[in-house]
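Step one of this worksheet: look at the structure below.
No lab work stands behind these numbers, since they all come straight from the coordinates. These numbers were taken from a predicted model, which means no experiment stands behind them. We place every Cβ from the backbone using ideal geometry, glycine too, and count neighbours over all the protein chains shown.
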Amino acid sequence: MLNYKKPAFWVILGAVAACIVAAVCFLTNPVIQRDTLKWAKDLSAEDVASIELVVLPQNADKQYKIFAPEEINGVISLIRETRRTRLSYCRYPEALNGGATSFYLQMKDGSEHTFQNIGNVYLVIDGDYYNADYNWLNSWPYTEGDSPLPEGFFDVAPSDLEE
């Protein structure tokens, strides 16, 4: 204690700067703007050719629906609600048993997109998983279709397996 020497001013200044940098790094939550999330937020009904709904598990006669053109705006509104919903990207989602509500969108430019509610826990956009608010996911109005799932709906064509 008798040999204590006060550190130089520049050492104290450097330590304070290092603490500030560390605090900023650890206290901020970086928002990862993935392409799938940007697509959902910017979606327009004019870009959509058709939307199919699949709800599983569900009564076999109510698993599937093709939305009429006048119904597409309602689905688009739901998808665009991701703007107001707090989402965080989930790199390693846990496997869930439970239901799924899936929208399959065929775009006018020929591309296809999926938008899914998995177990009221995950929002999945084109294969990217996001942790989403349970209350929002649970409030989705689309809980059943109006017809059975078409035979072969989930079949993969042999050409899709080649790469």
* **Among residues of the range 89-122, those that are among the hydrophobic types (A, V, I, L, M, F, W, C), over 15 Å from ILE76 (Cα atoms) and touching a strand residue (DSSP E or B) at 6+ places or on another chain (Cβ under 9 Å), counted** => 5
* Asked: Which residue out of ARG91, ARG80 is exposed (fewer than 14 other Cβ atoms within 10 Å of the Cβ), closer than 21 Å to TYR130 by Cβ and among the charged types (D, E, K, R)?
  -> ARG91
* Structure fact -> Within the range 106-141, of all residues that are surrounded by fewer than 17 Cβ atoms within 10 Å (Cβ to Cβ) and of a type in the set (Ser, Thr, Tyr), the one nearest to VAL48 (Cα to Cα) is SER111
